[in-house]
Amino acid sequence: MAKARKNGLYTGISEELSALMRSGWADTERHDLTPDPQAPYAARRRAALSARFPGERLVIPSGNLKARSNDDTYPFRPYSGYVHMTGDQARDGALVLEPRADGGHDAYCYQLPRDARDNDEFWSGYTAELWMGRRHSLAEAETVLGLPCRDVRSAAADLAAATSAGTVPTRIVRGVDPALEAAVTTDEDRDDELEEALSELRLVKDEWEIGEMRRAVDSTVRGFTDAIGELSRAVETSERWIDGTFYRRARLEGNSVGYGSICAAGDHATIMHWTTNDGPVRPGELLLFDAGVETTSLYTADVTRTLPISGTFSDVQRRVYDAVYEAQEAGMATVKPGAAYRDFHEAAQRHLAARLVEWGFIEGPADRAYELGLQRRFTMAGTGHMLGLDVHDCAHARNEEYVDGVLEPGMVLTVEPGLYFQPDDLTVPDEWRGIGVRIEDDLLVTEDGHENLSAALPRSSAEVEAWMARVAG
Ligand code: GLY
Ligand code: MN
Ligand code: MN
């Protein structure tokens, strides 16, 4: 008898059962698969990566399952750099670029193959296919990805042998697959440069990615329409209703949400990353709703609207809202090829600083307040970020390529100014406390300016009130 699992109801596996399980299975190899439409784009992305590191071996793992408790795991989400370079979403995979003498690379992909049925693991191991779902065979993965595939169970030994010989410099992305990382001999600083390069290669989206960004935003628009359409149910229940309603759309049309939805009613709106979403939704207050659908290809939108729950803004709410709206307009107006990346941030923050000086909340003049960053007490965050496979995309790019760089066609970024007056802020009048407003849209930089991908959602205070009136219908 094989050893039984602790606290399992079965006491073991008899020889007879083991033999019974191993036989009588059909050949289910799929011969009908076709290449992933993304495969030629992924090949071009690999060619760009290859050009950055001639003569070096590059290892880009996809990551492993993470235990939640005992044999329960979190949903698997592959490392975005691996997805970008392969189009693949399999766990326990790794892309390897092996240098050639001509300066280019040969790419191949380690994959966890299908379970053999010659031992008990295939039906008794909780991460086996019969428990978690079918994987591709290596031959199937080769067809889909357009890459030679190898059995990942030999990856650690192969790469340990290859890297300990020391003849070919090797880099691995760290923090993704601890076992593979432990097996290879690499240098941390040089590994960081690989992650930088992978981030920088995602700054400009290709045509296929732009299509996915449009899909992400379009699904998100439908999710906002669903959630706001059910605002009265949220008033009867809580922020949880908004969260759940949007999540249903995200699961229906995409993989999931691209980040924890922020469904922040009342003074929760002043908490930048309020994802607990368990509070009351009260008429007279604002709802700050920040959410994005992640497509099945793992590209995410990131959109915020701030709405008056009763349908109309109070005078103070409208003053704050309109100031944020004007700041967003000022920021978006700067977004075009050749502009400094920082321009939209500066334009929006200067506008907010001027309003805060006008209201008497910070000391002017406005330019001085901006230079000293005084508006940050009420604006907190930067005004936007790159968007793509990660909500805060390209986060490892060098400053000179990203925040100190220049906009190019194909970049996708958010513009999301906000004002947040904390409920315990004694420097503002009582009726301003607990008000938080953010407006966030997703912009594609085009050849001659930008396209607001999320423009279908009402944005000005008048448009938002008209939207609320339609919802209340
Ligand atoms: N949802 C996170 C952000 O807006 O950056
Ligand atoms: Mn957001
Ligand atoms: Mn954002």
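The values are calculated or read from the model by the stated rules, or taken from the named source; none is laboratory data. Please read all numbers here as calculations on a predicted model, not as lab measurements. Cβ coordinates were reconstructed from backbone atoms using ideal geometry, including for glycine residues, and neighbour counts include every protein chain displayed. Remember, those area values only see protein heavy atoms, side chains included, never the ligands or the DNA or RNA. Shrake-Rupley method; radii C 1.70, N 1.55, O 1.52, S 1.80 Å.
Observations on the model:
- With every protein chain in place, the stretch 377-470: carbon and sulfur % of accessible area (1.4 Å): 48
- Across the stretch 315-391, the fraction of Cα-Cα pairs farther apart than 22 Å, rounded to a whole number, is 25%.
- The ellipsoid equivalent to the alpha-carbon distribution of the stretch 61-105 has semi-axes of 30, 10, 6 angstrom, derived from the gyration tensor eigenvalues as √(5λ) and listed largest first.
- Since only Pro40, Ala340, Gly229 are under comparison, the one whose Cα sits farthest along the positive direction of the charge dipole of the chain, derived from C-beta charges on Lys, Arg, Asp and Glu, is Gly229.
- In the context of the full protein assembly, Leu95 retains an accessible surface of approximately 0 Å², using a probe radius of 1.4 Å and ignoring ligands and nucleic acids.
- The slack between Asp151 and Arg248, meaning 0.36 nm per residue of separation minus the straight C-alpha distance, is 31.3 nm.
- Computed P(r) (all Cα pairs; the stretch 358-456; 10 Å bins; percent): 13, 34, 30, 21, 2
- Using alpha-carbon coordinates, inclination of helix 39-52 to the longest axis of the chain, degrees: 90
- 3J(HN,Hα) along the stretch 393-407: 6, 6, 5, 9, 5, 5, 3, 5, 8, 10, 5, 9, x, 10, 6 Hz, from the Karplus curve 6.51 cos²θ - 1.76 cosθ + 1.60 with θ = phi - 60°, whole Hz, x for Gly and Pro.
- Value of Rg/Rh across the stretch 182-325 [Cα atoms, Kirkwood radius]: 1.11
- Simple spin-label estimate for Ser256 and Glu236 in nanometres, 7 Å along Cα-Cβ: 3.0
- In degrees, nearest ten, helix 315-333 long axis to first principal axis of the chain (Cα): 60
- Rg/Rg_ref, the stretch 122-185, where Rg_ref = 2.2 N^0.38 Å and atoms are Cα: 1.39
- Within the straight-line cut-off of under 23 Å between alpha carbons, the lysines reachable from Lys6 are Lys66, sequence neighbours fewer than 8 places apart in one chain being disregarded.
- The stretch 184-268 - percent relative contact order, Cα under 8 Å, separation 6 or more: 22
- For the pair Ala381 and Thr34, a Förster radius of 51 Å applied to the C-beta separation gives a FRET efficiency near 0.70, rounded to the nearest 0.05.
- Sorting 21-30, 319-328 by their mean Cβ neighbour count within 10 Å, with the most densely packed peptide first, gives 319-328, 21-30.
- Rg/Rg_globular for the stretch 169-213, with Rg_globular taken as 2.2 N^0.38 Å and Rg from C-alpha atoms: 1.47
- Phi to ³J(HN,Hα) by Karplus 6.51 cos²θ - 1.76 cosθ + 1.60 over the stretch 65-75, Hz, x for Gly, Pro: 5, 10, 5, 9, 6, 6, 9, 9, 10, 6, x
- Protection proxy ranking of 68-80, 198-210 - average other beta-carbon atoms within 10 Å, highest first: 198-210, 68-80
- Annotation: extensible slack from Lys66 through Thr427 equals 125.4 nm (criterion: 0.36 nm per residue apart, minus Cα-Cα distance).
- Square roots of five times the Cα gyration tensor eigenvalues for the stretch 272-418, Å: 26, 23, 12
- One Cα centroid belongs to the stretch 295-327, the other to the stretch 27-50; the line between them spans 40 Å.
- Distance histogram in 5 Å bins (all Cα pairs of the stretch 259-341, percent per bin): 3, 13, 18, 19, 18, 15, 9, 4, 1, 0
- Summing charges over all other residues whose Cβ lies under 13 Å from the Cβ of Glu371, with Lys and Arg as +1 and Asp and Glu as -1, gives 0.
- Degrees separating the helix 239-253 axis from the principal Cα axis of the chain, which is the longest one: 50
- For the chain, convex hull of alpha carbons as volume per residue, Å³: 187
- Rolling a 1.4 Å probe across the protein heavy atoms gives the chain an accessible surface of 45 Å² per residue.
- Amide hydrogen neighbours beyond the local backbone of Ile362, cut-off 5 Å, H modeled: Val357
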